[in-house]
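All remarks here apply to the structure that follows.
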Amino acid sequence: MLKKFGFGFAAIVLLWLMAPTVSANEPHYTITTDATYAPFTFQDKNSQYVGIEQDMMKAIAKREGFTYTMKPMSFNSAAQLVSNGQADGIIAGMSITPERRQVYDFSTPYYKTGVAWIVKKDSKIKSLEDLKGQTVALKTGTAASEYGLSLQAKYGFKVKYFNDTDTMYNDVAVGNSAATFEDMPVIQYAIKNGMKLKVMNPNQPGNAGSYGFAVEKHKNKALLTAFNRGFAAIKKDGTYDKIVAKYLGASQATFSGTKADNETVFGILKSNQQALVSGLWQTIELTVIAIVLASIWGILLGVMGVSQMAWVRGLSTTIIYIFRGLPLMVLAFFIYIGLPGLTGVKIPAFTAGIVTLILNEGAYTGAFVRGGFEAVDRGQMEAARSLGLPYGKAMRRVIMPQGLRIMVPSFINQFIITLKDTSILSAIGLLELTQTGSLIVARNSQGFRVWAIIAIVYLILITLLTWLSRWVENKMTMQ
Amino acid sequence: MSDAQTKVKVHVENVNKSYGDNHVLRDISLDVSENEVVVMIGPSGSGKSTFLRMLNQLETPDNGTIVVDGFDISDKATDINKVRENIGMVFQNFNLFNNYTVLENIMLAPVELGKLDKAAAEKKARELLATVGLSDKADVSVNSLSGGQKQRIAIARALAMSPDVMLFDEPTSALDPEMVGDVLNVMKNLADSGMTMIIVTHEMGFAKQVADRVVFFESGKIQESGTPEAVFNTPKNARLQEFLSKVMHA
């Protein structure tokens, strides 16, 4: 009965997860971006994605008559999703380089840029030579980091990698890293908006180049043509200049909210209420669905693990071994970015996240479920079998109820781990609580206050989950 | 025994069993007739429990033939679950189902296997509880019972399936001495009612009193068997003599 219900439920949830978003007659594209990249793309105080690139994209799409879904994530993931055909285009401050031209087709350049090298505001470092033996923060997969790396041998510094711009800035601002490399307009905007850093080469940017919109090589020609035509038009009629002026000329408060909004915990909570609630909801949604489905999958693996048939036991052991051995983030990247590259079937990030959690948490669950069944005294099975009960009936009526009772504390523990593990899915761009925190910090640079808020929200969630589990446990043992 | 034709209930022929190098049963052959009570005695590790557990296939023999109730259980094609429905077993450690009450323990198998409907199974369970003298314990959790009570419930649970043969694997070995009598009484009544019983025990007094035949196991072999008088009063086998001298004067 439980099994039937479980499979039915799983099927419904999976169907719902797979259901494609219905599109209109206009061409519809999926475009990836990096939302920690002000002034080009970032989240404003109303949780909207704004910036030079976002306004440009909007203007071009309107003019060219197409619609799109904008997917914010780390630059690295954003670029990979386009290169393997999961997304149609990327607009994320992507410098046009010869290496990237092997993989992508670029639009006409939309912004001239170059690489700055940056230190803490009151740093004693005067020249690149001073970086010898120091740590330099770089963002994975960016042209600025390539430039930084090209100087590594000459100046003898160590390198530390980050996935988003803001964490990287803060690492330098608090003194963990001595310097960083970043695109000139991006760092200048950040400094203007209060980031306590200084640019060491404002007049000699390294590797001067340009940003371009990119699609997978030889694919999506229509989109690229539309972008180029639209971009030429908005450049000609002055829309482009207005957009650039709007972001570079504006004060911080325009997009990030007032000082009061950003420099008190209450202000941050109030001005980011919407974003925090939706991030919290996404985390809860991921957790609840993953807990239910991973438990069903885990119990199935556990039952298989005590099967009478050796090959079924072997299958269970192998599945548990593989998915317990893979780091959650590797599994998430493999499912979200790796698999579609092979099969050509797109997987929505939410589905990929849920599948990741089911496989990983399910493997841990399977291991303790099997252990719980094995912990039931052998004599119980012998007594049941001696009465003539077949193996399956003996398992269901005698072994499983006792085993499940033994496992209750392990289940509660696994639920809490699942809740915490949802944060790792921020890596594939899921806008759950952790990713929400990253975006807010990217805008207001209030690392301490924002992460304290996020941490407390997690603790509250975990406390509630623990209470709920204990309550269920008491109900069960009272029966 | 009545003058009805003697019917063989359990037929064992040339059974061997080894665990690695340890040859625990060597060419065992034994027939048990309907209504007969056979008690198996012998030192620990002599193979008597292993032998008993083969009769309902909790252990499988390496070779040889075992026929119970007319079913050849050494044949893989035999549905062992069907055969087990007619063979009750009582364990040293009771093995009552911890997740059920006393009544539910007794009702589980008949209801699950479709032998009785719920009402009939409950009626029968209450009758059996009365037989073993534990009517007042019907609705308690099995963990609240003493060892002697647990073992009497275990006997009732086995009897709920109306078996033709009952196997007892050292049913009193895990009991406090003052509990042993109650359990043996239940077993004696069962023997008197004509149940075919095969019992592994160290209770020599009980064996003398109840057994139709006593079988002495040693080193994986049946060394001697016969009536209780013959085995206990005039043992011929040297090892049996030695065993008896130890247990009778302990």
Flag for A:E361 being more than 9 Å from every other protein chain (Cβ to nearest Cβ), under 26 Å from A:R313 (Cα atoms) and acidic (D, E): yes
Residue that is more than 13 Å from every other protein chain (Cβ to nearest Cβ) and among the polar types (S, T, N, Q), where the choices are B:S135, B:S162: B:S135
Segment B:104-119, residues that are more than 8 Å from chain A (Cβ to nearest Cβ), over 15 Å from B:S135 (Cα atoms) and open to solvent by less than 40 Å² (accessible area, probe 1.4 Å): B:P110
Single condition B:D69 does not satisfy, out of (1) of a type in the set (D, E); (2) facing chain A (nearest Cβ under 10 Å); (3) over 20 Å from A:I399 (Cβ atoms); (4) within 17 Å of the chain's Cα centre (by Cα): (2)
Looking only at segment A:385-399, and only at residues there that are at the interface with chain B (Cβ under 7 Å from one of its Cβ atoms) and in contact (Cβ under 8 Å) with a residue 12 or more places away in the chain, the one that is most open to solvent (accessible area, probe 1.4 Å): A:R397
Qualifying residue in segment A:334-342 (condition: open to solvent by less than 20 Å² (accessible area, probe 1.4 Å) and aliphatic (A, V, I, L, M)): yes
Within segment B:65-103, tally of residues that are out of contact with any Phe, Trp or Tyr (no Cβ under 7 Å at 6 or more places or on another chain), of a type outside the set (S, T, N, Q) and open to solvent by less than 30 Å² (accessible area, probe 1.4 Å): 15
Condition check for B:N35: within 13 Å of another protein chain (Cβ to nearest Cβ), closer than 30 Å to B:F232 by Cβ and open to solvent by 40 Å² or more (accessible area, probe 1.4 Å): no
A:Q308, sole failed condition from (1) in a helix (DSSP H, G or I); (2) over 20 Å from A:V82 (Cβ atoms): (1)
Failed item, numbered, when A:T239 is tested on (1) under 24 Å from A:A38 (Cβ atoms); (2) of a type in the set (S, T, Y); (3) at pLDDT 95 or above: (3)
Extreme residue, nearest to B:H11 (Cα to Cα), among residues of segment B:73-132 that are within 20 Å of the chain's Cα centre (by Cα) and charged (D, E, K, R): B:R84
Residue among A:G325, A:G314, A:G279 that is touching a residue at least 12 places away in the same chain (Cβ under 8 Å), open to solvent by less than 70 Å² (accessible area, probe 1.4 Å) and not basic (K, R): A:G279
Checking A:Y147 against (1) under 29 Å from the mean Cα position of the chain (by Cα); (2) open to solvent by 60 Å² or more (accessible area, probe 1.4 Å); (3) over 25 Å from A:F448 (Cα atoms); (4) not aliphatic (A, V, I, L, M), the condition it does not meet: (2)
Count of segment A:154-167 residues which are modelled with pLDDT under 90 and part of a helix (DSSP H, G or I): 3
Residue satisfying condition, being more than 30 Å from B:P163 (Cβ to Cβ), away from chain B (no Cβ under 14 Å) and either free of Cβ contacts under 8 Å to residues at least 60 places away in the same chain or open to solvent by less than 30 Å² (accessible area, probe 1.4 Å) (or both), within set A:I347, A:I424, A:I428, A:I406: A:I428
Search result, residues across segment A:446-471 that are open to solvent by 40 Å² or more (accessible area, probe 1.4 Å) and closer than 25 Å to A:Q43 by Cα: A:F448, A:R449, A:W451, A:A455, A:I456
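The values are calculated or read from the model by the stated rules, or taken from the named source; none is laboratory data. Every value quoted in this text rests on a predicted model; they were computed, and no experiment measured them. In this analysis, Cβ positions are derived from the backbone assuming ideal geometry, glycine residues included, and neighbour counts consider all displayed protein chains. Accessible surface is based on the protein model in full, side chains and every heavy atom, while ligands, DNA and RNA are left aside. Shrake-Rupley method; radii C 1.70, N 1.55, O 1.52, S 1.80 Å.
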